[in-house]
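The values are calculated or read from the model by the stated rules, or taken from the named source; none is laboratory data. Everything numeric in this text was worked out from a predicted model, so none of it was measured. Here the Cβ positions follow ideal geometry from the backbone for every residue, glycine too, while neighbour counts run over all protein chains shown. The area values use the complete protein model at the heavy-atom level, side chains included, leaving out ligands, DNA and RNA. Shrake-Rupley method; radii C 1.70, N 1.55, O 1.52, S 1.80 Å.
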Amino acid sequence: MREKKIQKQTDLNIDWRQFYRKVFALVIPMALQNLINTGVTAVDVVMLGRVGEKVLSGSSLAGQVQFVMMLVFFGLTSGSTVLTAQYWGKRDTDTIEKILGMSLTIALGVAFVFTTAAVLIPGTLMKIYTSDPEIIAEGIKYLRIVGFSYLFMAFTQVYLNIMRSIERVVVATIVYFVSLVLNIIFNGIFIFGMFGCPAMGIRGAALATLIARIAEMMIVLIYAKLGNKIVRIRLRNMIRINRLLARDFMKYAIPVTLNEMMWGLGSSMNSVVIGHLGSAAVAANSVAQVARQLALVVGFGVSSATAIYLGRTIGEKKIVHAKEYSKKFLMLSVIVGAIGGLMILISTPFVSSFLVLGPEAKEYMKFMFFVMSYFTLAMSINTTLIVGTLRSGGDTKVGVMIDLGTMWFFSIPFGAIAAFVLHAKVQIVYMILMCDEPLKLFFSIWRYRSFKWLNDVTREKEELE
C-alpha cells in the first residue's frame with residue numbers, strides 16, 4: 001500500500017508535457033534515421049526491381065551478410081548503451097569515452113572478418129541462402145564490391161549509436177540523409193548507365209553503397225573533431241582497456257550481442273528456407289521485408305528512445321520515475337505499431353502494381369504483406385520492451401531466452417518441416433516462419449510487469465581510475 005501511495009504521488013509530480021516533449025525530441029530524429037537507412041535498402045529494391053527478378057533476389061540475399069554483421073554491431077552498441085545511458089545520467093563522460101573506444105576496437109575487428117569473407121569467399125556465402133546459380137552469380141558480383149563498405153560502416157554505426165545514448169541524435173540524421181541522397185544519385189548513374197557511364201546493374205548498386213558509406217564516415221570524423229566537445233574519440237581508449245569496465249561491458253554486451261546474433265541468424269535461416277522455395281518467393285519476401293522496415297521506423301525510434309531515456313533516469317537514481325515512464329513507452333509502442341501495420345495493408349495494391357514482378361511473385365507478396373501487418377504490431381511492442389525497457393536496466397539475458405525459445409525452438413524448425421518435409425504452400429511456410437513475434441509478446445510482457453529489470457549498473461568514478 002505504501003509503495004502504491006508513493007508511486008501515485010510521484011506520478012502527480014511528473015510533468016508529462018515535458019516528458020513527451022523530450023521523448024519526441026529523441027524519437028523523431030531516430031525515426032528519420034531509421035527511415036533513411038531503410039530508404040537506402042528500398043532504393044536498391046526499387047531500382048534493381050526494375051532490372052529483373054534474379055538481380056533483385058541476388059542483392060537481397062547478399063544483403064543478409066551485411067544484415068548479420070549489423071546485428072553484431074547493434075548488439076555491441078546496445079550493450080554499450082546499457083552503460084553509457086546510465087553513466088550519462090551521472091554525467092560521467094570520461095567513462096563514456098572509454099566505452100566508446102572499446103566498442104570501436106571490437107567493431108572494427110568484426111568488420112574486418114566480414115569484409116575478408118565477402119571479398120574472398122562470396123560464392124560460399126551465397127550458397128548458404130540459395131541454390132539458384134543465377135542468383136548466386138549476381139550475389140557474388142554484389143558482395144565483392146560492397147564488402148569493402150563494412151569497415152566504414154563499423155566506425156560510423158558504433159560512433160553514432162553511442163552518440164544517441166548521450167542524446168546527440170541530430171548528427172546521425174544528417175549523416176544518413178547525405179548517405180541516402182548520394183546512394184540515390186550514384187545508383188541511378190551506375191545501375192542504369194547515366195552521364196556516359198556504362199550500365200553496371202547489381203555492381204552499380206554495390207559501388208553506390210560503398211561511396212555512400214565512405215561519405216558517412218568522413219562526416220562523422222569531421223563532427224567528432226570539430227563538433228563534439230563532450231565525448232571524444234581517444235586513441236588510448238581504443239588500445240588501453242580498463243579491466244573493470246571491460247568486465248561490465250562484457251557482462252551486458254555479450255548477452256545482447258548473442259541475442260541479436262541469434263535473432264539475426266534466425267532471420268537468415270528464414271531467408272535460407274524461403275531461398276529454396278524459388279526466386280518468386282525470394283523476390284516477394286525482399287519487398288515484404290522492406291515494407292516491414294519502413295512500417296517500423298517510428299517503432300524502432302520509440303525503442304531506442306526508451307533505452308536512452310530510462311537508462312538516464314535510472315542513472316539519476318529516479319527508480320519510481322523510470323517505472324512510470326516505462327508504461328508510457330509501452331503505450332507508444334502499441335500505437336505506432338498499429339499504425340505501421342495498417343500502412344502495410346493500405347500500400348499493398350500500390351506496391352503490387354508498381355514493381356516488375358511475375359504473377360506468382362505478386363500473389364506471394366500480397367499474402368506476405370498481410371502477415372507483416374500484424375507482425376509489425378507485435379515487433380513494435382517486443383522491441384520497445386526487450387531492446388528498450390529491459391536493457392535500460394541491465395536485464396540483458398532474458399531477451400536471449402525469449403528469442404531462443406520462440407524462434408529456434410518453434411518458428412524455424414516448424415517452418416523448415418513445413419517447407420522441406422510436408423512441402424506445404426509458400427503462404428503456410430511463411431506464416432509459420434513469421435509467428436515468433438506474436439508468440440514473443442506473452443514472455444516480454446510478463447518480464448516487463450515483474451519490474452526485475454530496474455537496476456543501476458554503474459560504478460563510482462574512483463573504482464575506474
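Miscellaneous remarks
- Residues that are under 12 Å from Met217 (Cβ atoms) and modelled with pLDDT of 90 or more within the range 161-184 comprise Val175, Val178, listed in sequence order.
- Assessment of the range 246-264 against the conditions (closer than 28 Å to His423 by Cβ and open to solvent by less than 10 Å² (accessible area, probe 1.4 Å)) yields at least one matching residue.
- Looking only at the range 397-441, and only at residues there that are within 24 Å of the chain's Cα centre (by Cα) and of a type in the set (Val, Ile, Thr), the one that is farthest from Asn455 (Cα to Cα): Ile432
Yes/no matrix, rows are residues, columns are (1) over 16 Å from the mean Cα position of the chain (by Cα); (2) free of Cβ contacts under 8 Å to residues at least 60 places away in the same chain; (3) open to solvent by 20 Å² or more (accessible area, probe 1.4 Å); (4) closer than 25 Å to Val82 by Cβ:
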position	(1), (2), (3), (4)
Leu125	yes, no, yes, no
Asp132	yes, no, yes, no
Ala137	yes, no, yes, no
Leu143	yes, no, no, no
Tyr150	no, no, no, yes
Ala154	no, no, no, yes
Ala172	no, no, no, yes
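- Single residue of Val302, Val273 found to be of a type in the set (Val, Ile, Thr), more than 30 Å from Lys54 (Cβ to Cβ) and either open to solvent by less than 10 Å² (accessible area, probe 1.4 Å) or over 16 Å from the mean Cα position of the chain (by Cα) (or both): Val302
- Any hit, the range 106-114, residues being in a helix (DSSP H, G or I), within 25 Å of Ile314 (Cα to Cα), open to solvent by less than 10 Å² (accessible area, probe 1.4 Å) and of a type outside the set (Val, Ile, Thr): no
- Test: residue in the range 217-228 that is farther than 30 Å from Lys425 by Cα, among the aromatic types (Phe, Trp, Tyr) and not in a helix (DSSP H, G or I): no
- Count - residues of the range 410-431 that are more than 20 Å from Ala288 (Cβ to Cβ) and either in contact (Cβ under 8 Å) with a residue 12 or more places away in the chain or not in a helix (DSSP H, G or I) (or both): 4
- Matching entry among Thr115, Thr124 (being touching a Gly at 6+ places or on another chain (Cβ under 8 Å) and farther than 30 Å from Phe24 by Cα): Thr115
- All of Arg91, Arg21 fail the test of being basic (Lys, Arg), surrounded by fewer than 20 Cβ atoms within 10 Å (Cβ to Cβ) and outside any helix (DSSP H, G or I), apart from Arg91.
- Scan of the range 193-215 for residues that are open to solvent by 10 Å² or more (accessible area, probe 1.4 Å) and either in contact with an Asp or Glu (Cβ under 7 Å, 6 or more places away or on another chain) or β-branched (Val, Ile, Thr) (or both), ordered by number: Ile211, Ile214
- The range 327-363 - residue that is surrounded by fewer than 16 Cβ atoms within 10 Å (Cβ to Cβ) and not in a helix (DSSP H, G or I) and, of those, modelled with the lowest pLDDT: Val356
- For Ala418, the requirement of being of a type in the set (Gly, Ala, Ser), open to solvent by less than 30 Å² (accessible area, probe 1.4 Å) and over 30 Å from Tyr252 (Cβ atoms) is met.
- Tally, over the range 187-213, of residues that are free of Cβ contacts under 8 Å to residues at least 12 places away in the same chain and under 25 Å from Thr156 (Cβ atoms): 1
- Residue check for Ile222: closer than 24 Å to Arg459 by Cα and either touching a helix residue (DSSP H, G or I) at 6+ places or on another chain (Cβ under 7 Å) or open to solvent by 80 Å² or more (accessible area, probe 1.4 Å) (or both): no
- The residues listed here are Ile386, Ile402; of these, the one that is assigned to a helix (DSSP H, G or I), at pLDDT 90 or above and either touching a Lys or Arg at 6+ places or on another chain (Cβ under 8 Å) or more than 23 Å from Arg247 (Cβ to Cβ) (or both) is Ile386.
- Hits in the range 371-405 (condition: surrounded by 17 or more Cβ atoms within 10 Å (Cβ to Cβ), of a type outside the set (Val, Ile, Thr) and more than 22 Å from Met269 (Cβ to Cβ)): Ser373, Leu377, Ser380, Leu385, Gly388, Leu390, Arg391, Ser392, Gly393, Gly394, Asp395
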